[in-house]
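Report on the structure given below.
Coordinate-derived values only; no laboratory data. On a predicted model such as this, the values are computed, not experimentally measured, just so you know. Here the Cβ positions follow ideal geometry from the backbone for every residue, glycine too, while neighbour counts run over all protein chains shown.
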Amino acid sequence: MKAEKSLRVCDKGHRYYKSSDCLSCPACDKENKPESGFLSKLSSPARKALVHEGIDTLQKLSKYTEKEILKIHSIGPASLPIMRTSLEEEGLSFKE
Ligand SMILES: [Zn+2]
């Protein structure tokens, strides 16, 4: 192990140790990445409603039928195609 880790401070003031020349800050990387890709595609009220129901991953979403999802307050029919596409991208689908 010859790599020496050195303390770096990013623009936002996070302190982290990196041994490479890579300057990406792990804390910032995390902040930039939404929990789940599909949530970031939805409108803010729909996203909050899903998270409120505990549906924060596509795997959890796939356990619901489209009808059940539409029953959730603040989720409109416009959100469905976005969710359906996201599910399909992962090889998943709404419950039949
Ligand atoms: Zn940072």
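Charges at C-beta only: +1 for Lys and Arg, -1 for Asp and Glu. How large is the resulting dipole of the chain about its Cα centre, in Debye rounded to 20?
320
Residues with beta-carbon under 14 Å from that of PRO81, excluding PRO81: net charge, scoring Lys, Arg +1 and Asp, Glu -1? Show your work: numbers first, answer last.
Numbers: positive: LYS41, ARG84; negative: GLU66, GLU88, GLU89.
Within the 14 Å Cβ shell, the charges total -1.
Mind pulling the angle between the C-alpha long axis of helix 79-89 and the longest principal axis of the chain? Nearest 10 degrees, somewhere in 0 to 90.
It is inclined by approximately 60 degrees.
Local charge sum around ARG15 (other residues, Cβ-Cβ under 13 Å, Lys/Arg +1, Asp/Glu -1)?
With Lys, Arg at +1 and Asp, Glu at -1, the net is +3.
Give me the lysines in straight-line cross-link reach of LYS5: C-alpha distance below 21 Å, same-chain residues under 8 apart excluded.
By straight Cα distance, LYS5 reaches LYS18, LYS30.
Please sort by residue number the trypsin sites (Lys or Arg not before Pro) in the stretch 49-96 whose DSSP state is loop and whose Cβ has at most 13 other Cβ atoms within 10 Å.
For trypsin sites (Lys or Arg not before Pro) across the stretch 49-96 that sit outside H, G, I, E and B with at most 13 neighbouring Cβ atoms in 10 Å, the list reads LYS63.
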